[in-house]
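What follows is one structure encoded as structure tokens, with my remarks underneath.
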Amino acid sequence: MMINSKLKYVITATALLLGGCAQSTTTEHLAPVASKSANKQLSVQIGAAQQENYLQMLEGKRVGMVVNQTSMVKDQHIVDVLLAEGVQVNKIFAPEHGFRGDHDAGAHVNSSVDAATGIDIVSIYGKNKKPSADVLEDVDVLIFDIQDVGVRYYTYISSMHYMMEAAAEQGKQFIVFDRPNPNGFSVDGPVLDLDFQSFVGMHQIPLLHGMTVGELAQMINGEGWLKNGVKADLTVIPVSHYDRHMSYPLPIKPSPNLPNDVSISLYASLGFFEGTPVSIGRGTDFPFQVIGFDKFNNGDFTFTPRPIKGASMKPKLKGKKAVGVDLRESSVLGLNIDHLIQWHKVFKEHDEEFFTRAKFFDKLAGTDTFRKQIESGMSGVEIRKSWQKDLSKFLQQRKPYLIYPN
């Protein structure tokens, strides 16, 4: 184990991964290298798979797990892996979409008991985002092991923040079993303004931050972003044989409406449409892969959203024929704001309100400047130029917390 004033890792012989450096450009895109990643993919080992590096820490400890359906080690859930090793798992903490990942976005998640293990499941989505001292009374160590997608408004990192904060306040150890970021090659978008802080944007980071959850946990801790500047007793179990330019197809969909790699790549670009009347395919078999509207045409692809249990029971434009574009064959790297600008232009031409949920859009963007720039008619190039100073500052700020090389 290596410790300094800001960081604590478990270093393995196959993962001497300290360092990493930011690119000289500000909007950073490190394109995945398919030929290299195809060979490396075989040797990538997620943090949870490296039991030799953490089981000793858990001996005699009462463990709480922040996990969901993505928390797999090959064909076994990490909870089952630890139980088989004799680890005392006392509680499971379930984020948005629930422990099994079968709840719609924003749906209420109830606390319950896991039928397979008899372990109490505590919801950390909704009103009780941070467990109280009473809830953590029978827990010594909290483990976070959830697959993230590297986009600021994806709420798993917000749940991690609150769990880290609870651990720090209650004197519990916090361990992150790290996993690759499928969008780790890109740093782009507006940096969050704290005036627009919310559960879909808690940290002063760009929309695409290019960090794994382990790296981000270190940054949250090191920058004093937890309430009252408390510091968590944080340990990260790194991924071995991983670097940021690798392609990393996810073996399990991270949430109901991100069913494949295309949707995960498009998520940052299309998520903004949630603050508009435009559908991005919720209620279809291809969410976050299409764009459409029912009142006028802006393309020639048609789809009709419908209720889908466990994914989208009340989708936008339910039962209406939407017309727009199909992006399932597109090759997207990073953030594309041209779709948003172009659809705003079409709405303006039809004298139709585009930002019907302006406050929510601003929360997603982490600022109201982005919306106002689009409304004023600024080009994508001009808007991107306005981000560069903040992005450059962020790339320098994150350097001490990077684990993996670029």
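The residues of segment 262-405 have, on average, 47 Å² of accessible surface per residue, using a 1.4 Å probe with all protein chains present.
Taken one residue at a time, the phi angles of segment 326-339 give Karplus couplings (6.51, -1.76, 1.60, θ = phi - 60°) of 9, 10, 5, 9, 7, 10, 10, 10, x, 9, 10, 9, 5, 4 Hz. Gly and Pro are set to x. If you line up the long axis of helix 261-270 against the longest principal axis of the chain, both from Cα atoms, how many degrees apart are they, to the nearest 10? Rounded to the nearest ten degrees, it is 60. Solvent-accessible area assigned to carbon and sulfur over the chain amounts to 49 percent, based on a 1.4 Å probe. Across the options Ser186, Ser255, Met378, the greatest Cα extent toward the positive end of the charge dipole of the chain (unit charges at beta carbon of Lys, Arg, Asp, Glu) belongs to Met378. Spin-label model, Asp300/Glu353: points 7 Å from Cα along the beta carbon direction are separated by 3.4 nm. Dipole of the chain computed with +1 at Lys/Arg Cβ and -1 at Asp/Glu Cβ about the Cα centre; of Phe355, Leu226, Tyr401, farthest Cα towards the positive end is Phe355.
Amide hydrogen proximity for Val191: with H placed 1.01 Å from N in the peptide plane, no residue at 5 or more positions away or on another chain lies under 5 Å.
Could you work out how far helix 213-222 tilts from the main Cα principal axis of the chain, as a 0 to 90 degree angle to the nearest 10? Between the helix axis and the principal axis of the chain, the angle is about 80 degrees.
As a test of the formula, what do you get for the chain when each DSSP H run with n ≥ 4 contributes -39,500 (n - 2.57) and the sum is divided by the residue count, at 222 nm and rounded to the nearest 500 deg cm²/dmol?
Values: 9 runs with 95 residues, N = 406.
Mean residue ellipticity, 222 nm, calculated: -7000 deg cm²/dmol.
If you restrict to DSSP beta bridges whose two residues both lie in the chain, what percentage is antiparallel, to the nearest 5? Walk me through the numbers on the way to the answer.
Working: 22 of 46 bridges.
Antiparallel bridges make up about 50 percent of those DSSP assigns within the chain.
The alpha carbon gyration tensor of segment 224-295 gives principal lengths a ≥ b ≥ c with a/c of 1.5 or higher and a/b no greater than b/c, which makes the shape oblate. Think of a 1.4 Å ball rolled over the protein heavy atoms: segment 186-230 then has 26 Å² of accessible area per residue. Put a plus charge on the Cβ of each Lys and Arg, a minus charge on the Cβ of each Asp and Glu, and nothing anywhere else: the dipole of the chain about its Cα centre is then about 500 debye.
How do Leu83, Leu250 rank by accessible surface area computed with a 1.4 Å probe, from largest to smallest? Can you show the working numbers first?
Working: Leu83 70, Leu250 25 Å².
Solvent-accessible surface, decreasing: Leu83, Leu250.
Note on segment 270-344: Rg/Rh from Cα positions, Kirkwood definition for Rh, rounded to two decimals, is 0.94. The string of couplings for segment 370-377 from the Karplus curve (6.51, -1.76, 1.60, θ = phi - 60°) is 4, 4, 5, 5, 5, 4, 7, x Hz, one whole number per residue in order, with x for Gly and Pro.
Could you work out the relative contact order of the chain, using alpha carbon pairs under 8 angstrom and six or more residues apart, expressed as a whole percent? Write down the numbers at each step before the final one.
Working: 861 pairs, mean separation 83.9, N = 406.
Relative contact order of the chain: 21 percent.
Only the Cβ atoms of Lys and Arg (+1) and of Asp and Glu (-1) were treated as charged; on that basis the dipole of segment 272-391 about its Cα centre amounts to roughly 500 debye. The string of couplings for segment 141-157 from the Karplus curve (6.51, -1.76, 1.60, θ = phi - 60°) is 10, 10, 10, 9, 9, 9, 6, 9, 10, x, 10, 4, 8, 7, 7, 4, 6 Hz, one whole number per residue in order, with x for Gly and Pro. Placing +1 on the Cβ of each Lys and Arg and -1 on the Cβ of each Asp and Glu in the chain, which of Gly150, Thr304, Ile46 has its Cα farthest towards the positive end of the resulting dipole? Projecting each Cα onto the dipole axis, the largest value belongs to Thr304.
The values are calculated or read from the model by the stated rules, or taken from the named source; none is laboratory data. Because the structure is a prediction, the values reported are computed rather than measured. Every residue, glycine among them, receives a Cβ derived from its backbone with ideal geometry; neighbour counts consider all protein chains shown. The protein model used for the area step is the full one, side chains on, heavy atoms only, and it has no ligands, DNA or RNA in it. Shrake-Rupley method; radii C 1.70, N 1.55, O 1.52, S 1.80 Å.
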